Amino acid sequence: MDTKPEFQRVLIKLSGEALMGNQGFGIMPEMIAYVAAEVAKVFHLGVEVSIVVGGGNIFRGVAGSSAGMDRTSADNMGMLATVINSLALCDALEKLDIPTRVQSAIRMDRVAEPFIRRKAIRHLEKGRVVIFAAGTGNPYFTTDTAAVLRANEIRAQILFKATQVEGVYDKDPQIHDDAVMFDTLSYMQVIEKQLHVMDMTAISLAMEHDLPLQVLNLHTAGNIYKAVTGGEIGTRIYNT
């Protein structure tokens with residue numbers, strides 16, 4: 001496998017659940033250290049790395065809404081949860097001597113920079129990892145949509161969605177033993193087959209702006225590195 005990066009600027013989408021390990025809630029120190037080490041492998045290739053992390057390990061807006069909470073209030077709480085995860089990941093990366101900045105879509109200047117597109121790009125050009133927190137800053141939008149939005153704004157060449165499974169399947173592999181994984185898909189196929197890759201807002205935005213997406217398993221060490229250097233892992237989704 002080639003050790004030269006296929007991409008110069010990438011965005012990595014991490015689920016909040018990935019940070020809790022086997023705890024069932026919160027942030028598992030060993031897991032966030034593992035994630036930081038995986039990001040470091042890519043960073044040391046000279047790739048400009050940005051990250052969007054979810055907040056589902058702390059609070060999910062949709063879950064709060066379904067339990068009777070006002071949806072806007074619940075989503076605001078979910079966005080704040082992503083800030084907690086972003087600060088934790090920033091700390092873990094800086095422990096590895098990787099300069100990192102957190103930019104929040106909700107202003108909280110004591111703990112994070114406000115999201116400013118040109119400043120984010122400048123950080124990347126100067127060799128800093130940028131973590132985009134607080135989603136889009138608006139309720140009713142997922143962190144998947146935030147990831148696609150930020151990737152388009154900073155002109156990332158690809159979005160990597162690091163998940164709990166190997167790639168995109170025709171049905172849930174945790175329920176169906178005969179589930180088949182796709183190596184490649186078009187965005188239209190994702191829509192037509194109603195595959196649960198990201199929410200439809202995120203998929204439509206990625207398709208409209210011709211942003212490639214690669215889904216891979218975060219828990220296999222080296223997977224993000226392999227994807228960045230052109231390895232055939234997971235599922236690649238793009239316009240045909």
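Of the residues Lys4, Lys13, the single one that is outside any helix (DSSP H, G or I) and surrounded by 20 or more Cβ atoms within 10 Å (Cβ to Cβ) is Lys13.
Looking at Ala179, Ala147, Ala156, just one residue is without any contact (Cβ under 8 Å) to a residue 12 or more places away in the chain and touching a Lys or Arg at 6+ places or on another chain (Cβ under 6 Å), and that residue is Ala179. Considering region 107-117, the residues that are in contact with a strand residue (DSSP E or B) (Cβ under 9 Å, 6 or more places away or on another chain) and surrounded by fewer than 18 Cβ atoms within 10 Å (Cβ to Cβ) include one that is farthest from Glu153 (Cα to Cα), namely Val111. When you look at Ala221, is it part of a helix (DSSP H, G or I), in contact (Cβ under 8 Å) with a residue 24 or more places away in the chain and of a type outside the set (Asp, Glu), yes or no? No: the conditions fail for Ala221. Of all the listed residues (Ala151, Ala179), the sole one being under 19 Å from Val215 (Cα atoms), surrounded by fewer than 14 Cβ atoms within 10 Å (Cβ to Cβ) and among the small types (Gly, Ala, Ser) is Ala179.
Looking at region 49-64, can you tell me whether even one residue there is out of contact with any helix residue (DSSP H, G or I) (no Cβ under 9 Å at 6 or more places or on another chain) and touching a residue at least 12 places away in the same chain (Cβ under 8 Å)? So far as region 49-64 goes, no, none of its residues is out of contact with any helix residue (DSSP H, G or I) (no Cβ under 9 Å at 6 or more places or on another chain) and touching a residue at least 12 places away in the same chain (Cβ under 8 Å). I'm trying to understand the selection: among the residues of region 9-31, which are modelled with pLDDT of 95 or more and touching a strand residue (DSSP E or B) at 6+ places or on another chain (Cβ under 8 Å)? Scanning region 9-31 gives Arg9, Val10, Leu11, Ile12, Lys13, Leu14. Screening the candidates Gly61, Gly54 for the property of being closer than 15 Å to Ile32 by Cα, of a type outside the set (D, E, K, R), within 19 Å of the chain's Cα centre (by Cα) and crowded, with 18+ Cβ neighbours inside 10 Å yields one hit, Gly54. Every condition in (1) among the β-branched types (Val, Ile, Thr); (2) closer than 22 Å to Ala151 by Cβ; (3) in contact with an Asp or Glu (Cβ under 9 Å, 6 or more places away or on another chain) is met by Val83 except one, and the failing one is (3). Annotation: Gly167 fulfils all but one of (1) in contact (Cβ under 8 Å) with a residue 40 or more places away in the chain; (2) surrounded by 15 or more Cβ atoms within 10 Å (Cβ to Cβ); (3) touching a helix residue (DSSP H, G or I) at 6+ places or on another chain (Cβ under 9 Å); the unmet one is (3).
The values are calculated or read from the model by the stated rules, or taken from the named source; none is laboratory data. These figures come from a predicted structure and were not determined experimentally. We place every Cβ from the backbone using ideal geometry, glycine too, and count neighbours over all the protein chains shown.
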